[in-house]
Amino acid sequence: MSDSFFANTELIGLIGHPIKHSYSPFIQNFALEAMGVDGVYLPFDVVAENLKNAVTSVLALGLKGLNVTLPHKEKIIKYLDELSEEASIIGAVNTVVNDHGKLIGYNTDANGIFETLLPFKDKITGTKVSVIGAGGSARAVIYTLLRYFKPEEINIINRTQQRADTLMNYFSLKMRYDSFHTFELFPPDNVEVLSSSRLIINSTTIGMYPDVEDTITDLDDSFNEDQIVFDLIYNPKKTKLLQMAEEQGVKVVGGMTMLISQAAKSFKLWTDVEMPVSEITKKLEDYISKIPGNLP
Ligand code: NAP
């Protein structure tokens with residue numbers, strides 16, 4: 001690829017901390033090349049105190065846009081000129097487009113969550129759902145559930161219950177929904193809450209590589225056969241939580257579809273070109289399987 005950068009090559013960045021293990025550079029650079037778009041996607045490890053300067057440099061250096069990952073998804077909002085309706089309701093941004101000097105924030109995680117859960121829509125609507133986590137991705141999860149899947153009840157379970165309460169109050173007001181309950185993540189106390197949910201979504205970092213033996217619950221009683229368990233984590237492909245749930249006959253889904261779907265929507269926003277999703281999924285799975293230390 002190095003012989004294909006020219007003066008007018010578009011630059012797209014990824015900012016976050018840490019970002020060493022992100023698959024986004026692989027996905028986006030593969031897509032740029034596959035679709036013949038003259039661009040390059042570069043990761044920048046940006047710590048919190050440099051966030052404002054990093055955003056300002058998008059304009060100064062003329063980048064086409066950014067992906068934003070933890071811990072900046074919420075804090076970046078104050079430095080942007082405009083938000084999409086979704087990003088504004090969710091209160092978190094994972095994609096920035098530099099539209100002729102105006103920085104517009106989007107949340108394409110919601111698209112990834114929607115695409116992942118769509119095959120289960122009929123099973124989810126009108127039922128009880130448990131969301132573990134209260135960070136940036138939990139916000140996108142709750143928005144997507146309320147907007148497209150209409151659950152009867154949402155339990156927000158988080159290590160810091162106060163953050164779960166904050167999320168409950170925020171979405172109760174923003175989306176006029178009053179069937180939330182919050183709990184502290186404190187196994188085994190949550191077994192009853194989990195086992196009575198049709199859908200369990202892990203939107204925490206628990207179980208993410210390298211801490212692959214960690215799980216939000218280690219009790220088989222947390223599951224029932226009619227359930228769906230969705231773990232946003234994509235490395236490993238099947239977390240300990242998903243392995244345990246699958247052993248109990250539960251339908252399980254990992255974070256790979258979400259990863260590719262959010263990437264595809266961001267790609268379209270920057271380039272106006274569709275990402276070749278199935279080709280990229282195959283390439284990414286192959287790439288991941290060859291990374292030393294990664295689980296198959
Ligand atoms: P975040 O904003 O930093 O939130 C992290 C969440 O994890 C918080 O709820 C935090 O609880 C909880 N947590 C962290 N360490 C914990 C521990 N040791 N014990 C209990 N709870 C813990 O992160 P995020 O952006 O929401 O991302 C969360 C996960 O989603 C990550 O694994 C990320 O890779 C994944 N994700 C996947 C995709 C995809 O495309 N598949 C997209 C976005 C995110 P406290 O509130 O108590 O700190």
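Side notes on the structure shown:
- Screening Gly105 on (1) within 16 Å of the ligand (Cβ to nearest atom); (2) surrounded by fewer than 23 Cβ atoms within 10 Å (Cβ to Cβ); (3) not charged (D, E, K, R) shows it passes everything except condition (2).
- For the stretch 182-202, a residue qualifies if it is away from the ligand (no atom under 16 Å from the Cβ) and surrounded by fewer than 16 Cβ atoms within 10 Å (Cβ to Cβ), and the qualifying residues are Val191, Glu192, Ser196.
- If the condition is being within 12 Å of the ligand (Cβ to nearest atom) and open to solvent by less than 30 Å² (accessible area, probe 1.4 Å), then the stretch 71-93 contributes His72, Ile90, Gly91, Ala92, Val93.
- Identity of the residue in the stretch 207-225, touching a residue at least 60 places away in the same chain (Cβ under 8 Å) and either surrounded by fewer than 22 Cβ atoms within 10 Å (Cβ to Cβ) or of a type in the set (Gly, Ala, Ser) (or both), that ends up nearest to the ligand (Cβ to nearest atom): Tyr209
- Residue count for the stretch 266-280 under the criterion of being more than 11 Å from the ligand (Cβ to nearest atom) and either open to solvent by less than 10 Å² (accessible area, probe 1.4 Å) or under 23 Å from Pro151 (Cα atoms) (or both): the result is 2.
- Qualifying residue in the stretch 100-108 (condition: without any contact (Cβ under 8 Å) to a residue 24 or more places away in the chain and farther than 20 Å from Thr205 by Cβ): yes
- Failed item in (1) touching a strand residue (DSSP E or B) at 6+ places or on another chain (Cβ under 9 Å); (2) among the polar types (S, T, N, Q); (3) buried (at least 19 other Cβ atoms within 10 Å of the Cβ), with Ser261 passing the rest: (1)
- When residues of the stretch 162-181 are limited to those that are touching a residue at least 24 places away in the same chain (Cβ under 8 Å), farther than 16 Å from Asn202 by Cβ and of a type outside the set (Phe, Trp, Tyr), the one most open to solvent (accessible area, probe 1.4 Å): Lys174
- Considering the stretch 233-265, the residues that are among the polar types (S, T, N, Q) and assigned to a helix (DSSP H, G or I) include one that is farthest from the ligand (Cβ to nearest atom), namely Gln243.
- Scanning the stretch 161-212 for residues that are of a type in the set (Val, Ile, Thr) and either touching a helix residue (DSSP H, G or I) at 6+ places or on another chain (Cβ under 8 Å) or modelled with pLDDT of 95 or more (or both) gives Thr166, Thr182, Val191, Val193, Ile200, Ile201, Thr204, Ile206, Val212.
- When Val68, Val96, Val40, Val47 are screened for being within 15 Å of the ligand (Cβ to nearest atom), modelled with pLDDT of 95 or more and in contact with a helix residue (DSSP H, G or I) (Cβ under 9 Å, 6 or more places away or on another chain), only Val68 passes.
The values are calculated or read from the model by the stated rules, or taken from the named source; none is laboratory data. These figures come from a predicted structure and were not determined experimentally. Heads up, the Cβs are rebuilt from the backbone with ideal geometry, glycines too, and the neighbour counts pull from every protein chain shown. Quick note on the areas: whole protein, heavy atoms, side chains included, nothing else; ligands and nucleic acids left out. Shrake-Rupley method; radii C 1.70, N 1.55, O 1.52, S 1.80 Å.
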